[in-house]
Amino acid sequence: MNKHEAFVLWFDQIGIEDVPLVGGKNASLGEMYRELSSQGVKVPNGFAITAKAYHYFMEKNGLKEQIKALLEGLDVKDIKRLSEVGAKIRHMILEAAFPEELANAIKEAYYHLGLQYGENPDVAVRSSATAEDLPTASFAGQQETYLNIRGNEQLLQAVKKCIASLFTNRAISYRVDKGFDHFSVALSVGVQKMVRSDLACSGVMFTLDTETGFKDVVFITASYGLGENIVQGSVNPDEYYVFKPTLKQGFKPIIHKKLGTKEFKLIYSKDSLKPTKNVPTPLHERNSFALTDEEVLTLARWGCIIEEHYSKKHNKWTPMDIEWAKDGVTGELFIVQARPETVQSQKSWNVLKKYKLKKHKSELKVLTTGRSVGDKIGQGMVHVIKDVKHINEFKPGEVLVTEMTDPDWEPIMKMASAIITDKGGRTCHAAIVARELGIPAVVGCKNATQVLKTGLNVTVDCSQGEEGFVYEGLIPFEVEELNLENLPKTKTKIMLNIGNPEEAFGYANLPVEGVGLAREEFITGSYIKIHPLALVHYHSLPEHVKKQVDEITLGYDDKQQFYIDKLAQGLGMIASAFYPKPVIVRLSDFKTNEYAGLIGGELFEPKEENPMIGWRGASRYYDEKYKPAFALECKAIKKAREEFGLKNIKIMVPFCRTPEEGKLVIEELARNGLRQGVDGLEIYAMCEIPSNVLLAEEFLKVFDGFSIGTNDLTQLTLGLDRDNEKISYLYDERNEAVKQLVARVIKICNEKSKYIGICGDAPSTFPEFAEFLVSQGIQSMSLSPDAVVKTLMIVAEKETGKALK
């Protein structure tokens, strides 16, 4: 049989080289069915109705000439005229008759599929354009999908609807924008056995981080019911990140899990005209994860297999955008679609752009928040549009606010300065298109269409990690550009200070040698929000506190496990971003007043006159009252190292006043399974109290090295409270007494071949202090992200004695 002449080709007859015959989606399904089944990747069987069949249908009905005449000279910006022409073309296609020999070929293939799966099988009918999913143009839902189609009549009608979808308003507009000739794009239709995910769940998987392009994770979304809701963005799904390098070593690195609201689920209906319907998701399903951890890991492994296969085929790294579904009858997972990812994979990583508001957050009025898409800031006048019928009223440069988008909205999305939606997660239609267009978007706000009024000026801020903010007014902002090309290599290691796990992937490309200070406090304050002892003593909490704890720990019967998981995942995100380089995690260093501010905190914290030099750091960890809370922290670090496989995590003990105290902390860590020297675990101390320097030799018998904290060291050397504005003018890390202590501890560590770094702000703030540290022989400097490149150049100049451009 000549493939080029066939009306129908089965999945096992086609592969990636057949895009001209069967389009991108079908070629990909064939490729996976044929090549990856042997590696355990499951793809439901099916067949493709070819581009040859499409041309035959169009020619036999004399449609090509009529359509060409209608599209001649059409201005796609004239939305009213575009709608009229599009509707006329689609009507002509739907009214046309199937040539008998083509109809028979389709019916025969459907009959054979029934022999495999049972008579009149339920199928998904998807269009697959021959120019679709080109490396530079994601056709995010450019053509249609019809689910739960049964019987010959429904099947033939669905095929016709797919052909008509090649001429939707947005598809016509898209081809004109991208410069495709309307008839150089042909249509193939995929007919695939349905996976009964209406009785289970489904979702999307990317083999990279969709926001930053970080290549070492698989990002998975999941929601109950059929997959169209996630793709269209009508639900906020669960989200998971899995770290590829240690997954391949046999670990279980689910480094991030976020429960979605999953408001609706799409299920089968009995209505043959509308074969699917949306119903509200029961509360117990909304409050639990749609996938088990084992299922998440299976999908991630499949994602890696698919990515490796396509990368080999293309002779270059090819990250993938994959749709998956779980069958509620058999409990099996399936892959139902895969295409190359088309946004992050096309970007250049040599220039790092950082968007920054010029006003502090405390000065701004937040109108709504949601999931951020991209990392930019946009602004303009709000235009709320609730129905696609009104898109012709939208003006370029406005901020589009709507419930959710689908491909019909694309003609105006490209004119928007930003996009805000009530519904949707990071893989919904609005998010995919915003990413491709490079427009900031905040999705899943829940209340945007109510609180934002047309005509209001707003600033849409996606520059602060996972959460996107919409502020009132046009807030001034700046864009910093860092060129990462041709940076010098330095003997002194430049490392990073980081606390927010959501920023980690975005900084993974910075020219650093790991993380010199990973702070736990952001994770505790923003993700966990509850005092650890309130989780330990959950059953004896007052009712009103219990209620707050229950709201935050949704889905967790074991409240202590919530703390362990959230801290492990936060640290896991940071350690993954810089793996296999060292990531030094500073143990919790909240002061009593800060701990008291956590939920339930006031029940467990003493009131102190001066918390800065009170019950903090090392002195808490071996205290009988606090030991059970410290045990949770240790379990989280142990989980990140042993379950996630992130052995690059090192530990740093803050505010350790005496060597004896250091020994007690080392014993407590070991009691909780973190043994110094085992599996490469190094334990350092912060050098931030004069006693750390004066007794450095004794401390170094206990610890593997020091990291200098200039903030506390300066205030304790000079005997001043750095928060007291009356004497703050005396606070200066460049004071000679401070410098002498710094010089002394560097010298002792180097003599004893122990680690010595610095993680205070001084080298970031004062270039001359950075030069001083290099001259004393510091091994590493850990800096805030915005100071990395600048300080790297200063260090290189000091080391080489030459001025660098």
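Can you tell me which residue in region 432-450 is nearest to Lys354 (Cα to Cα), limited to those that are surrounded by fewer than 16 Cβ atoms within 10 Å (Cβ to Cβ) and touching a residue at least 12 places away in the same chain (Cβ under 8 Å)?
Gly438
Could you go through region 265-288 and let me know if any residue there is closer than 17 Å to Val41 by Cα and open to solvent by 30 Å² or more (accessible area, probe 1.4 Å).
Checking region 265-288: not a single residue is closer than 17 Å to Val41 by Cα and open to solvent by 30 Å² or more (accessible area, probe 1.4 Å).
Tally up the residues in region 750-805 that are open to solvent by less than 40 Å² (accessible area, probe 1.4 Å) and over 35 Å from the mean Cα position of the chain (by Cα), please.
Counting residues in region 750-805 that are open to solvent by less than 40 Å² (accessible area, probe 1.4 Å) and over 35 Å from the mean Cα position of the chain (by Cα) gives 6.
Which of the helices (runs of 4 or more DSSP H) found entirely inside region 566-654 contain at least 3 residues meeting this: open to solvent by 20 Å² or more (accessible area, probe 1.4 Å) and touching a helix residue (DSSP H, G or I) at 6+ places or on another chain (Cβ under 7 Å)?
It comes to 627-642.
Give region 468-480 a look and list any residue that's charged (D, E, K, R) and at pLDDT 90 or above, or say none.
Within region 468-480, Glu472, Glu478 meet the criteria.
Tell me, which residue of region 380-419 that is in a loop (DSSP other than H, G, I, E, B), in contact (Cβ under 8 Å) with a residue 40 or more places away in the chain and out of contact with any Asp or Glu (no Cβ under 9 Å at 6 or more places or on another chain) is most open to solvent (accessible area, probe 1.4 Å)?
Result: Asp406.
With the condition kept exactly as written, say whether any residue in region 368-388 is at pLDDT below 90 and over 20 Å from Glu466 (Cβ atoms).
yes
For Thr221, state whether it is in a helix (DSSP H, G or I) and either open to solvent by less than 30 Å² (accessible area, probe 1.4 Å) or on the phi > 0 side of the Ramachandran plot (or both).
It is false that Thr221 is in a helix (DSSP H, G or I) and either open to solvent by less than 30 Å² (accessible area, probe 1.4 Å) or on the phi > 0 side of the Ramachandran plot (or both).
Considering only residues of region 224-238 that are in contact with an Asp or Glu (Cβ under 8 Å, 6 or more places away or on another chain), not aliphatic (A, V, I, L, M) and not in a loop (DSSP other than H, G, I, E, B), which is most open to solvent (accessible area, probe 1.4 Å)?
My answer is Gln232.
Name, by its number, the condition in (1) in contact with a Pro (Cβ under 9 Å, 6 or more places away or on another chain); (2) without any contact (Cβ under 8 Å) to a residue 60 or more places away in the chain that does not hold for Lys248.
(1)
For residues that are open to solvent by 20 Å² or more (accessible area, probe 1.4 Å) and farther than 15 Å from Val336 by Cα, scanning just region 196-213, find the one that is modelled with the highest pLDDT.
Once the filter is applied, the top-ranked residue is Leu199.
Answer yes or no as to whether Asn169 is in contact with a Phe, Trp or Tyr (Cβ under 7 Å, 6 or more places away or on another chain), modelled with pLDDT of 85 or more and of a type in the set (S, T, N, Q).
no
Can we say Gly673 is touching a Cys at 6+ places or on another chain (Cβ under 7 Å), open to solvent by 10 Å² or more (accessible area, probe 1.4 Å) and small (Gly, Ala, Ser)?
Considered against the rule, which asks whether it is touching a Cys at 6+ places or on another chain (Cβ under 7 Å), open to solvent by 10 Å² or more (accessible area, probe 1.4 Å) and small (Gly, Ala, Ser), Gly673 comes out as yes.
Pick out the one residue from Asn497, Asn509, Asn483 that is within 22 Å of Val653 (Cα to Cα) and at pLDDT below 95.
After applying the criteria, what remains is Asn497.
Among the residues of region 289-298, how many are assigned to a loop (DSSP other than H, G, I, E, B) and surrounded by fewer than 17 Cβ atoms within 10 Å (Cβ to Cβ)?
Counting residues in region 289-298 that are assigned to a loop (DSSP other than H, G, I, E, B) and surrounded by fewer than 17 Cβ atoms within 10 Å (Cβ to Cβ) gives 1.
For every residue, the table says whether it meets (1) within 30 Å of Ser197 (Cβ to Cβ); (2) open to solvent by less than 40 Å² (accessible area, probe 1.4 Å).
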| position | (1), (2) |
| --- | --- |
| Ala325 | yes, yes |
| Glu332 | yes, no |
| Lys347 | no, no |
| Leu364 | no, yes |
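Output the number of residues of region 299-318 satisfying the condition of being open to solvent by 40 Å² or more (accessible area, probe 1.4 Å) and part of a helix (DSSP H, G or I).
Number satisfying all stated conditions: 5.
Which of the helices (runs of 4 or more DSSP H) found entirely inside region 43-123 contain at least 3 residues meeting this: open to solvent by 40 Å² or more (accessible area, probe 1.4 Å) and closer than 18 Å to His182 by Cα?
Helices (runs of 4 or more DSSP H) meeting the threshold: 51-60, 63-71, 79-95.
Scan Thr210, Thr168, Thr261, Thr246 and give me the residue that is under 22 Å from Ala640 (Cα atoms) and among the hydroxyl-bearing types (Ser, Thr, Tyr).
Residue meeting the stated conditions: Thr246.
If Lys257 meets every condition in (1) open to solvent by 10 Å² or more (accessible area, probe 1.4 Å); (2) at pLDDT below 95; (3) of a type in the set (D, E, K, R); (4) not in a loop (DSSP other than H, G, I, E, B) apart from one, which number is that one?
Evaluating Lys257 over (1) open to solvent by 10 Å² or more (accessible area, probe 1.4 Å); (2) at pLDDT below 95; (3) of a type in the set (D, E, K, R); (4) not in a loop (DSSP other than H, G, I, E, B) leaves (2) as the failure.
Do we have any residue at all in region 14-28 that's of a type in the set (Lys, Arg) and crowded, with 20+ Cβ neighbours inside 10 Å?
yes
Does at least one position in region 342-350 carry a residue that is within 17 Å of Ala431 (Cβ to Cβ), in a strand (DSSP E or B) and in contact (Cβ under 8 Å) with a residue 24 or more places away in the chain?
Looking through region 342-350, none of the residues is within 17 Å of Ala431 (Cβ to Cβ), in a strand (DSSP E or B) and in contact (Cβ under 8 Å) with a residue 24 or more places away in the chain.
Being closer than 30 Å to Ile220 by Cβ and surrounded by fewer than 24 Cβ atoms within 10 Å (Cβ to Cβ) is the filter here; which residues of region 172-190 pass it?
Hits for region 172-190 are Tyr174, Lys178.
Give the number of residues within region 728-784 that are of a type in the set (A, V, I, L, M, F, W, C), more than 16 Å from Asn692 (Cβ to Cβ) and out of contact with any helix residue (DSSP H, G or I) (no Cβ under 7 Å at 6 or more places or on another chain).
Of the residues in that region, 2 qualify.
All but one of (1) under 34 Å from the mean Cα position of the chain (by Cα); (2) closer than 23 Å to His531 by Cβ hold for Lys647; state the number of the condition that does not hold.
(2)
The values are calculated or read from the model by the stated rules, or taken from the named source; none is laboratory data. Here the structure is a predicted model, which is why all the values come from computation and not from measurement. Neighbour counts are summed over all protein chains in view; Cβ atoms, including those assigned to glycine, are modelled from backbone coordinates with ideal geometry. All accessible areas refer to the heavy atoms of the entire protein, side chains included, with ligands and DNA or RNA removed. Shrake-Rupley method; radii C 1.70, N 1.55, O 1.52, S 1.80 Å.
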